[in-house]
Amino acid sequence: MSTARLTYASSSHSSDAYYIAGMSVHDPFVGLEQEGKLFAVAPSLELGNFQKNSRCDKILSLETLKKEIPSSAGKQPNGETAIALIIAASLKKIGANRLLVGSDFPVGLFLKLKKLVPVEASKGTLFPERALKSAYEQNEIRKANLGCAAGIALCRDTLRRAKAVKGKLFVGGNKLRQKSQALTSEFLRTRVQELFLRMGLEAGGDLIIAGGKQACDPHCIGHGQLKARELIVVDLFSPLQSSHYWGDMTRTFIKGLPTDPQDRLVNAVAFAQREAILAIKPGITGRTVHAAVGEFFDISGYKTKRTKKGYEGFFHGTGHALGLDCHDMGTHGNGLNLTGGKLHENEVVTVEPGLYYPSIGGCRIEDNGVVTKTGFKLLSDAPYDWILP
């Protein structure tokens, strides 16, 4: 029996749907793949757009398929029933007789389809081939990283120009007596979002610019006024508007001179990241790389433990896959790829070890790159100068 892989979603809600269409589609549409051929069912509103801009091999007309749906008691079916019938009709058009859907497929529609055609849910990702990135995809990720690097430079330069007053940071103000203003996480985030839009990236609402104890919660986006002599984590990630491929980079800064514990912490993270990057090659498992990072931190005196207020130390994965999603195709368990299993040539992954101790501060350094025949080639680039006097 011939099986077709099916999506039913808009491209903004499903990267698998975007993968089939190769373009933005605002409303849910039927997307199919069979034996390497891509198909879409397009309404009249989208038919011309699909024909001109999609990467599909064949476009089926929604209105034509609707005419082939049998009526019941003189009434045309609607809702999920109609969609299920259209999918069944399109399946016949492409010469398939079974369907495979992803774990995020609408449950109600799945149940309707089961009454019409054999259909089952994929046990893994629907399109595992998405893990291997073409030269085009690698270049799109590199372009997205240029935007992230520019955002990091903006934050670095703003922090360098900032003035500390009683330990709090301010920007602006001049000889014309213009007032300075508090340098907050929100201020910097807005400036980065404006830059992203100018560079063709999406603005992103949850960019991380967090200082002090806030930076010890890796997904705290940061809020309020930033302070001198506190570690500030700047984690910027966004997709290109044109192709939806993501960039994702992190640097840690301090305004003023660090304490000895802060200096040792940042240097330990930087060393761990360099060693992890050097270890990556085809065949090694993400689990192995992650374990080596954890072992280095342990022997360096940076123990990971749970406290009454949460975890401290190294308590997240060393990295994740990157592509049409920031955490591409989902991330399960600690490791560099989806399962912590073997890395393959042309996979793109991030490398982002971090250490978090509220008494010292938080530090994370992140780059990403592609696994090559001989090792790992970075697709991101930004300076590591983290001390800003």
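Read-outs: derived from the displayed coordinates by stated rules, not from any lab. Just so we're clear, the structure is a prediction, and the values are computed from it rather than from any experiment. Don't worry about glycine lacking a Cβ; one is built from the backbone with ideal geometry, like all the others, and counts go over all protein chains shown.
Points to keep in mind about this one:
- Region 240-309: trypsin sites (Lys or Arg not before Pro) in DSSP coil with no more than 15 other Cβ atoms inside 10 Å: LYS303, LYS308, LYS309
- Shown here for region 54-110: trypsin sites (Lys or Arg not before Pro) in loop regions (DSSP other than H, G, I, E, B) with at most 12 other Cβ atoms within 10 Å, namely ARG55.
- log10 of Debye I(q)/I(0), alpha-carbon scatterers only, for region 140-229 at 0.17, 0.24 Å⁻¹: -0.76, -1.23
- By the count of other C-beta atoms within 10 Å, a proxy for reagent exposure, ASP27, ASP325 are ordered fewest to most as ASP27, ASP325.
- Rounded to 10°, Cα long-axis angle of helix 286-299 versus longest principal axis of the chain: 20 degrees
- When +1 charges are put on Lys and Arg Cβ atoms and -1 charges on Asp and Glu Cβ atoms, the dipole computed for the chain relative to its Cα centre reaches about 880 debye.
- Translational diffusion coefficient of region 131-388 (Stokes-Einstein, Kirkwood radius from Cα pairs, 20 °C, 1.002 mPa s): 116 µm²/s.
- Seen from ILE209, the other residues with C-beta closer than 9 Å to its C-beta sum to a net charge of -1, counting Lys and Arg as +1 and Asp and Glu as -1.
- Given 16 as the ceiling on other Cβ atoms within 10 Å, longest exposed-site-free region of the chain for chymotrypsin sites (Phe, Trp or Tyr not before Pro) in DSSP loops: 1-314
- Gain on full extension, evaluated as 0.36 nm per residue between CYS220 and GLU275 minus their Cα-Cα distance, stands at 17.1 nm.
- Relative to its Kirkwood radius, the Cα radius of gyration of region 1-91 gives an Rg/Rh of 0.97.
- Placing +1 on the Cβ of every Lys and Arg and -1 on the Cβ of every Asp and Glu, with no other charges, gives region 151-200 a dipole of roughly 320 debye about its Cα centre.
- Of all lysines in the structure, the ones whose alpha carbon falls short of 29 Å from that of LYS112, not counting any fewer than 8 places away in one chain, are LYS37, LYS58, LYS66, LYS67, LYS75, LYS92, LYS93, LYS123.
- Likely footprinting exposure, VAL371, VAL171, fewest C-beta neighbours within 10 Å first: VAL171, VAL371
- Stokes-Einstein diffusion for region 266-389 at 37 °C, viscosity 0.692 mPa s, with a Kirkwood radius from C-alpha pairs, works out to 221 µm²/s.
- Largest first and in whole Å, the equivalent-ellipsoid semi-axes of region 209-280 read 24, 20, 9, each the square root of five times a Cα gyration tensor eigenvalue.
- Cβ crowding within 10 Å ranks MET249, MET199 as MET199, MET249, fewest other Cβ atoms first.
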